[in-house]
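Written below as structure tokens is the structure these notes are about.
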Amino acid sequence: MKKYLKVFAALGILTSLTSLWAQETKTPALLWQTVLSGKVISEPAKLSYGFCVITDARKIDCINWKGKKIWEKEAPHPRECAIFKLDNDFILLSDNFKSSVSLINPSGIRLWETEISFKPENAVSGLDGRIFIYDTSNIACLGINGIIKWQESVDTNSESFRFSPFGEITYEEELENIQDQTPTYKLDALDSSEIDAYNTALLQKQFRDFSYAFFYDKKHAVICKNDWTLEYYYFPIEQNIKTLAQKQKSKKTYKNFYNLNDINSNLTENKQAISDERMEILQTGNYGKKEIRYASEALNIFNAYTEEINLSEFGTQKTYSTFEANTKEFERVICQIPLFGGKDFTNVTAEIVNHSKNFSILKNTMREFGKCAYDPDFLVLTAIETRAKTINRRNEDVIVGMCDAVYEICRFMGRDAYHNKGKKILVDFLYPTNPDRIKAYARKTFEKIKKLEM
């Protein structure tokens, strides 16, 4: 043990001396070097905890800022692939050989793959988790579930081009003549290509013989060499780099765009909201602006239900509940949660888990949410953690449903969801006083998560 402590101490002294030497010489100092699976052949994706690269060894390597490889996954067509950073450290993998895009979570798990008709040159996250992808003549919007919400052929390079989250395309000169316009956005504010070129030129003054390079911050840079090595450097003097304005983590969604006041929430009257046709449309996608009406109807029904269950907590519940009397119809709306995906429906799920006293509705809601378990703020995990403390352990089916939901959220969101919330929830189900079935199912859930290799 003493031998290893001496080695660690020596490494610490060496790093300190390297930093001091760099400050005196005003030249960048190598802090660490690591060997990748192969040569980097596409633009790296910079993440909060590190970065991902595609190599010619048909691999995607994910490295943290200390030089440790976190995960390595297959990329069968590396020269036809590109990776784009999304919110919450998700990655979108574009495979032009297969004409598809895939969503990869922070633990390297590929969640879904969707065919796309053009070669994306960039991708960016929307407020609620949706993903916008585009090239010079096409733009499309995918849900966090991989369903294509809309796609348009349009000149995205035009200075006046604007788009809404729901596929409304317009140009700046037209805005003055449009009444009640859904707020629109520009792409140029999201494009980092000019910034990347400027920063790369700065690095070229200091380094040679690299395939890709980028700054982590004003005093650190990553250099992907033309061989299999990757190097991380410290600059004693802050570099005059350019950056995009940092997008702060926001709880905002597009809910303000929906109509939540003039929608009929009566399940026996609003048959369209629960029709087979509606379900087919949501599963197929390409509904564009109609999403505003579809989501408004679903959210309005959920709001009516959560208002009812919240009233019941104050002892003022109505003696007759349309939701209790029309459980099958309400379940049709619950089935739409994973089809819409996104934060608004995550919030709805958390509210139902927190407060619903109908165990059938509670179980179905957790099951459906698990089909697209996007929980970026851990609202549903927190709701499960809170509700589990008050659930009678004799309601074993509900607790089994909670275990399944915890697994699906951890699988979708990655290791942070497990370490921050999921692990503790499952550990609580292992207490000796719990029924044998609950303890056994919690252990089984632990084993399933272990197999994910997060």
Review point. So, in the range 205-311, how many Lys pairs have Cα atoms under 22 Å apart, if the pair is 8 or more places apart or on different chains?
Key: 16
Exercise for review: Mind checking the per residue accessible area of the chain for me, 1.4 Å probe, whole number of Å²?
Suggested key: 50 Å²
Exercise for review: May I ask you to give the percent of accessible area on the chain that is carbon plus sulfur, with a probe radius of 1.4 Å?
Suggested key: 49 percent
Point to revise | FRET efficiency, Thr229 to Glu453 (Cβ-Cβ, R0 25 Å, nearest 0.05) | key: 0.45
Exercise for review: Tell me the label-point distance for the pair Phe207, Ile169, using the 7 Å Cα-to-Cβ offset, in nm and rounded to one decimal.
Suggested key: 3.9 nm
**Study point:** Positive-pole candidate from Ile144, Gly401, Tyr185, dipole of the chain, charges at beta carbon
**Key:** Gly401
Check your understanding: So if we plug the beta-carbon distance of Lys271 and Tyr216 into 1/(1 + (r/R0)^6) with R0 = 56 Å, what FRET efficiency do we get, rounded to 0.05?
Key -> 0.50
Point to revise | Protection proxy ranking of 41-54, 269-282 - average other beta-carbon atoms within 10 Å, highest first | key: 41-54, 269-282
Practice item. Could you work out how far helix 436-451 tilts from the main Cα principal axis of the chain, as a 0 to 90 degree angle to the nearest 10? Key: 30 degrees
Practice item. Quick one: angle between helix 396-413 and the longest Cα principal axis of the chain, in degrees between 0 and 90, rounded to 10, please. Key: 30 degrees
Point to revise | Residues whose placed amide H lies under 5 Å from that of Glu121, excluding near-sequence neighbours | key: Tyr134, Asp135
Point to revise | Sites Lys389 and Phe257, calculated FRET efficiency, Cβ-Cβ separation with R0 41 Å, nearest 0.05 | key: 0.70
**Study point:** Answer label for semi-axes √(5λ) of the Cα gyration tensor in Å (calculated), chosen among (i) 36, 27, 21; (ii) 43, 31, 18; (iii) 33, 28, 22
**Key:** (ii)
Review point. Helix 193-204 versus the longest principal axis of the chain: what is the Cα-based angle in degrees, 0 to 90, to the nearest 10?
Key: 30 degrees
Check your understanding: How would you order 93-103, 403-413 from highest to lowest mean count of nearby Cβ atoms within 10 Å?
Key -> 403-413, 93-103
Exercise for review: Show the residues, 5+ positions off or on another chain, whose built amide H is closer than 5 Å to the amide H of Ile70.
Suggested key: Cys62, Ile63, Asn64
Practice item. Find how many whole Å separate the alpha carbon centroid of the range 259-286 from the alpha carbon centroid of the range 44-71. Key: 43 Å
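The values are calculated or read from the model by the stated rules, or taken from the named source; none is laboratory data. What you are looking at is a predicted structure, and each value in this text was computed from that prediction instead of being measured. Positions of Cβ are generated from backbone atoms using ideal geometry, with glycine treated the same way; all protein chains shown enter the neighbour counts. For accessibility, only protein heavy atoms count, side chains too; no ligands or nucleic acids. Shrake-Rupley method; radii C 1.70, N 1.55, O 1.52, S 1.80 Å.
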